[in-house]
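Colleague: Have a look at this one.
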Amino acid sequence: MERAFGTAVAPAVAGKKAARVALVDLKESSRYLLTECFRQFGIETVVTSGSAERLRKEKFEACVVNLGPGADAVMEAARRSSSNSRLVLYGLGGSAQEAMRYSKFGINAMFQEPLERPAALKLVRATHMLVLHEFRRYARIPIMTEVTVVSSDGHRLMASSLEVSSGGMSLKSSEDLPAGTDVEISFSLLTLPRVHIHGQIAWRKNKSFGVHFDPADDRRRKVKDWIEGYLES
């Protein structure tokens, strides 16, 4: 069981400005819960309205956006801002399938509604290193985008990405492919144009599975270069 909030607050590093997360258009109960979750890892939250102006002018390390009317404008303002283009972007509400409507903005992770404390804290714990820019301790990038998977026998299915690394990708799909299946996957990532890479299904659990990129496929270098650029920006 999770410890009570307020008992595991990370101390601020002397002389270092705290990381900030913008909470955009969230109801009061969600703002309170997420504020407590991020506070445990020394991350401040800033409540904003649906206006995208602050995301154009101020620097934030992350942003939680309610996936309702106006979400497109907020996410576009963040990704087009020179200071916030690489912030960690969380969506709130809806399913992963619905979040695919916003895949061009590169949502990193989703808080599901109704927002529940254990699940919210688990997600913040899993991603807070990116928010804090502790990149050397984080080899995988959580990001949601549409992925086309084609097996060696020509079967095609659509999936949504969960995480990507230079060596592979974890995905979610309602369709099943057994471990060991040879596949070609194709996807795009923000500034990375669509890339095709050979790989193999490495594992399968419930509706999620992992693809290990073929080490002999030179096209995976594009993903490696994109990840390095993402972490260094």
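The values are calculated or read from the model by the stated rules, or taken from the named source; none is laboratory data. What you see is a predicted model; the values in this text were computed from it and never measured. Note: ideal-geometry Cβ built from the backbone for every residue, glycine included; neighbour counts use all protein chains shown.
Colleague: For segment 165-174, which positions are modelled with pLDDT of 95 or more and over 17 Å from D225 (Cβ atoms)?
Modeller: Within segment 165-174, S170, L171 qualify.
Colleague: Ok, one more. Give me the pairs, please: first residue somewhere in segment 8-31 and at pLDDT below 50, second residue anywhere and not aliphatic (A, V, I, L, M), beta-carbon distance under 6 Å, and either six or more positions apart or on two chains.
Modeller: A8/Q40; V9/R39; V9/Q40; A10/F41; A10/G42; A12/G42
Colleague: Please determine, by comparing only the residues of segment 190-233 that are of a type in the set (A, V, I, L, M, F, W, C) and assigned to a helix (DSSP H, G or I), which one is surrounded by the most Cβ atoms within 10 Å (Cβ to Cβ).
Modeller: It comes out as V223.
Colleague: Mind checking which pairs have a first residue in segment 195-216 that is over 19 Å from T145 (Cβ atoms) and touching a residue at least 24 places away in the same chain (Cβ under 8 Å) and a second that is in a strand (DSSP E or B) and not aliphatic (A, V, I, L, M), Cβ under 6 Å, 6 or more apart or different chains?
Modeller: Every condition considered, the pairs that remain are A202/G210; A202/H212; W203/G210.
Colleague: In segment 89-110, which residues are of a type in the set (A, V, I, L, M) and either touching a residue at least 60 places away in the same chain (Cβ under 8 Å) or in a loop (DSSP other than H, G, I, E, B) (or both)?
Modeller: L92, A96, A99, M100, I107, listed by residue number.
Colleague: Looking only at segment 167-189, filter to residues that are outside any strand (DSSP E or B), in contact with a strand residue (DSSP E or B) (Cβ under 8 Å, 6 or more places away or on another chain) and of a type in the set (G, A, S); which one of those is nearest to R86 (Cα to Cα)?
Modeller: Per the stated criteria, the residue is G167.
Colleague: Right, another one. Can you tell me which condition R136 does not meet? The list is (1) in a strand (DSSP E or B); (2) at pLDDT below 90; (3) not aromatic (F, W, Y), and all the others hold.
Modeller: Only one criterion in (1) in a strand (DSSP E or B); (2) at pLDDT below 90; (3) not aromatic (F, W, Y) is unmet by R136, namely (1).
Colleague: Would you please name the residue that is surrounded by the fewest Cβ atoms within 10 Å (Cβ to Cβ), looking only at residues in segment 69-88 that are assigned to a loop (DSSP other than H, G, I, E, B) and more than 14 Å from the chain's Cα centre (by Cα)?
Modeller: The qualifying residue surrounded by the fewest Cβ atoms within 10 Å (Cβ to Cβ) is S82.
Colleague: Now a separate question. Filter segment 92-111 down to residues that are closer than 15 Å to K27 by Cβ and modelled with pLDDT of 90 or more and give me whichever is surrounded by the most Cβ atoms within 10 Å (Cβ to Cβ).
Modeller: Ranking the qualifying residues of segment 92-111, first place goes to L92.
Colleague: May I ask you to say which residue of S151, S161 is over 21 Å from F41 (Cα atoms), among the hydroxyl-bearing types (S, T, Y) and crowded, with 17+ Cβ neighbours inside 10 Å?
Modeller: S161
Colleague: Ok, one more. Let me confirm something: among L162, L177, L190, which residue is modelled with pLDDT under 95, on the phi > 0 side of the Ramachandran plot and either out of contact with any helix residue (DSSP H, G or I) (no Cβ under 8 Å at 6 or more places or on another chain) or not hydroxyl-bearing (S, T, Y) (or both)?
Modeller: L190
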